[in-house]
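The values are calculated or read from the model by the stated rules, or taken from the named source; none is laboratory data. If you're wondering where the values come from, they're calculated on a predicted model, not measured in any experiment. Ideal geometry is used to build each Cβ from the backbone, glycine not excepted, and the neighbour counts take in all protein chains shown.
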Amino acid sequence: MARYQAGDFVAATALIARVSPQLHRFLAAQAECRADADDLLQETWLRIHRARHTYRTGEPLLPWFYAIARRVRVDHYRRASRIWAREARLQNVAEVAISAETSARADELDELLAPLSQGQREILEMLKVAGMSLEDVARATSSSVGSVKQKVHRAYRKLRQMRNAARLTKGQREALP
Amino acid sequence: MTDDEIDKVLADAARAPHELPEPLLARIAESIKPSLQPVHPLPSTFRLASGLILICAVVALAGAALTGFHGVEALAPVARFLIFATLLVLAYLAAEALVDEMIPGSRRRLSAVILVAVASTALLVVFALLFRDYRVDHFVHAGVACLFFGVLFAVPTGLLSWLLLRRGVATQRVSAGIAGGALAGLAGVTLLELHCANFQALHVLLWHTAVVPVSAAGGALVGWLLRRYSLAQA
């Protein structure tokens, strides 16, 4: 990062190759299709580039990246909401450029996290999928560690309740003659 | 479903490869190449916060120099110490919160809304302890004048603070506006304590303290307008 701030293009390229997959996965969770996620990633990197002087050596790097990516995602959602309110939504065809295994796991994750609110979902993604610490997630989401812990606890409780209720309903349906 | 089963799905998702096509990465790298100049990282939070405190002090002292130091001259030494020490501590907390808001991924010591609540409560407690004159002469007339005066001097403090932190990037503009407004409001209260010699308890409790939440609300409005503007531009 320090070499990127010093204007080293090779370091910038290496950083882009290293961090982009994680950021893309985070952005893809709300994107309409793969192309949408690619655009969001590009937008995120433009903002990271414009804000690169705000990173200070010694501070954790991932929360800094995720704080900017999160801002891009929120702005995208707000813009999209405005557009959807005015225009009829066009059918998007997802571009299949990922492996079948990755896609299946992503589907399973999407299905699991679907009942959660946006805030709970992004915290679980950062904590469990991106492997960030509670402190890092708190920094990335501009909140306290206590607030992050509370959101994780509520998310797990909601997931348990939803999944158990779904199993119960399925079991009852199967028990019917 | 147990927590372990949930963890397993999340862990599987974390292990799944998420590779990106080379042309996309190359396109991103090429898009930043033309403007890849060396940049100086921002100074430490302590230095930036100290700069903000200095701005508050200069604006408050300049305002009092223009209008007179009637308030501080009439205060007892203990009251002077208690009021200005409290204002200094609160201004430092507000300055730190503002710097944190302007740097992505910073540790949030105090959220902007809690900052306003803490600052207002602390001022109310200190003023309630020090001022015991419960008369209400010219309550509204004198009070509105003080509120206006305090907020008026909060505006240049806010502008100068923005100038100092112009290289920062606010990821939450409304929160940054609240923190900036609270800091500017504290400069306004400092000016009132230096200038205003009306020591009636209700006057100080209501109209002097109100400068902080009113300035914070103004900051929130500016942040909200900036957010709307940037979304419209995009």
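Conditions first: (1) out of contact with any helix residue (DSSP H, G or I) (no Cβ under 6 Å at 6 or more places or on another chain); (2) of a type outside the set (Val, Ile, Thr); (3) at pLDDT below 85; (4) in a loop (DSSP other than H, G, I, E, B). A:Trp84 passes all but one, so which condition is the exception?
The one condition A:Trp84 does not meet is (4).
Restricting to the stretch A:69-78, and then to whatever is free of Cβ contacts under 8 Å to residues at least 12 places away in the same chain and either farther than 15 Å from A:Leu27 by Cβ or at the interface with chain B (Cβ under 7 Å from one of its Cβ atoms) (or both), can you tell me which residue is surrounded by the most Cβ atoms within 10 Å (Cβ to Cβ)?
A:Asp75
Determine whether the stretch A:51-68 contains at least one residue that is surrounded by 18 or more Cβ atoms within 10 Å (Cβ to Cβ), assigned to a helix (DSSP H, G or I), polar (S, T, N, Q) and not assigned by TED's automatic domain parsing to the domain that holds A:Gln118.
yes
When you go through (1) at pLDDT 90 or above; (2) over 18 Å from B:Thr171 (Cα atoms) one by one for A:His49, which number turns out not to apply?
(2)
Could you grab me the full set of residues in the stretch B:32-50 that are surrounded by 17 or more Cβ atoms within 10 Å (Cβ to Cβ) and farther than 30 Å from A:Thr13 by Cα?
B:Leu48, B:Ala49
So which of A:Asp39, A:Asp107 is farther than 24 Å from A:Ser133 by Cα, modelled with pLDDT of 85 or more and either outside the structural domain of A:Val152 (by TED's automatic domain parsing) or surrounded by fewer than 17 Cβ atoms within 10 Å (Cβ to Cβ) (or both)?
One residue alone meets the criteria, A:Asp39.
Quick one: B:Gly168 ticks every box in (1) part of a helix (DSSP H, G or I); (2) within 14 Å of another protein chain (Cβ to nearest Cβ) bar one, so which box is it?
(1)
How about the stretch A:5-46: which of its residues are facing chain B (nearest Cβ under 8 Å), part of a helix (DSSP H, G or I) and of a type outside the set (A, V, I, L, M, F, W, C)?
Hits for the stretch A:5-46 are A:Gln5, A:Thr13, A:Ser20, A:Pro21, A:Gln22, A:His24, A:Arg25, A:Asp38, A:Gln42.
Out of B:Leu225, B:Leu186, report the one residue that is touching a Cys at 6+ places or on another chain (Cβ under 9 Å), in a helix (DSSP H, G or I) and aliphatic (A, V, I, L, M).
None of the others qualify; the one that does is B:Leu186.
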